[in-house]
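The values are calculated or read from the model by the stated rules, or taken from the named source; none is laboratory data. Worth saying up front: this structure is predicted, and the values here are computed from it rather than measured. Cβ placement follows ideal geometry from the backbone for every residue including glycine, while neighbour counts extend to all protein chains displayed.
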Amino acid sequence: MNSNSGKNETCPSCEFQDNLDILRQINFFSHLPLEALKVIAYLCTRETFKKGEYLFHQNEDDGLAFYIISGKAGLLHKDKDGEHLIRNYPEGEFVGGLTLLGPLHRLFSLQSTTDLTCLILTREKFAKALEQFPDLMPKILKVVVDIVRAWEERFLGDYSASCDACKHNIGVSLV
């Protein structure tokens, strides 16, 4: 991982504006006030990963959230039979927002499938923003609830009543 190669050394204010524009498009952050988004945009870093590098590993708690600026990544899950590709994430995807809210051991690994540049926010830096703007948490929790509900609605749309295994996955929005 190369922490500085994604930075715009010639125009730091351009990178800040780019970060702000990205955050405004991410559902997790899009409903936050501009002043808070500016702080978060300032706290973000950019990192590049070479093809094949891991952004994070299953079972670790790194406290990092990633927005894929360019490139692609594969979500992997390891079990007794090996490591399996679950899905791909293209540029424009935000991954790991829940880890910003508190300790969370990853259920998956994320590996770059091409050279990749990400906007990264750490849990610690996000917590600093929350200290400055304590009214953010209810807005963020509402977004998380909306995301869970939308996921379950999509699941119900794909659900087959004959799928016994699926029946045990319904009701996550009741938590």
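In the set Leu119, Leu85, only one residue is under 30 Å from Thr48 (Cβ atoms), surrounded by 12 or more Cβ atoms within 10 Å (Cβ to Cβ) and not acidic (Asp, Glu); that residue is Leu119. In segment 143-170, the qualifying residues are those that are of a type in the set (Gly, Ala, Ser) and exposed (fewer than 10 other Cβ atoms within 10 Å of the Cβ), and the one that is farthest from Leu98 (Cα to Cα) is Ser162. Only strands (runs of 3 or more DSSP E) whose full extent lies in segment 56-175 are considered here, and the ones with at least 1 residues that are under 16 Å from Ile40 (Cβ atoms) and either in the same structural domain as Ala41 (by TED's automatic domain parsing) or without any contact (Cβ under 8 Å) to a residue 12 or more places away in the chain (or both) are 64-70, 116-122. Filter segment 27-71 down to residues that are among the hydroxyl-bearing types (Ser, Thr, Tyr), closer than 21 Å to Val144 by Cα and surrounded by fewer than 18 Cβ atoms within 10 Å (Cβ to Cβ), then give me how many there are. The number of residues fulfilling the criteria is 1.
Just to be sure before I move on: is Ser5 hydroxyl-bearing (Ser, Thr, Tyr), surrounded by fewer than 18 Cβ atoms within 10 Å (Cβ to Cβ) and modelled with pLDDT of 95 or more in the structure I sent? Here the answer is no, as Ser5 does not meet what is asked. Among the conditions (1) buried (at least 16 other Cβ atoms within 10 Å of the Cβ); (2) in contact with a Leu (Cβ under 9 Å, 6 or more places away or on another chain); (3) modelled with pLDDT of 95 or more, Ile140 misses just one, which is (3).
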